[in-house]
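Down below is the structure, laid out as structure tokens.
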Amino acid sequence: ENVGVMGDAPDSEIEIAPEPPDSPKNNGESVIQFGKQREFKIRPEVPKEIDDLTFQLLDIDYTRLTPNSAATNTEQQEFTIEAFGVTEQGNSVHVSLGGFLPYFFVNIPHQFSQDESSQFISNLNYNMRL
């Protein structure tokens, strides 16, 4: 099993020490050690020739880029979703989805008047501004 150890040391104290590939502990694969607190697996990359990919999502993040500093409208901003996961075979996966515009649907209560609906939408847009 390909395992490393991760600790709480500051970056300046992190020691990257791969085991020699011929080490019996690693079955020929390298291991990175970052202290002695937590273990993590170093997973193999997905083969490049795969066209269809199924993986378990482990983490997700996003970045927001504004084309120019004056752009405050969400529609003028560019979003990239970063998804990280692992395949059933144990391959690491990183998917970068560019040009993403986040959205969601809200059901406005039927008893709201037109003015209440407009105010609700206005408040929601104000509070959800990015």
Please work out which residue is modelled with the highest pLDDT, limiting yourself to segment 48-79 and to residues that are among the polar types (S, T, N, Q) and under 18 Å from M128 (Cα atoms). T63
If a residue has to be over 22 Å from T54 (Cα atoms) and surrounded by 10 or more Cβ atoms within 10 Å (Cβ to Cβ) to count, how many in segment 76-108 make the cut? 6
With (1) on the phi < 0 side of the Ramachandran plot; (2) at pLDDT 75 or above; (3) not in a strand (DSSP E or B) as the list, and A83 as the residue in question, which single condition is left unmet? (3)
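The values are calculated or read from the model by the stated rules, or taken from the named source; none is laboratory data. Model, not experiment: these values are computed from the prediction. Ideal geometry is used to build each Cβ from the backbone, glycine not excepted, and the neighbour counts take in all protein chains shown.
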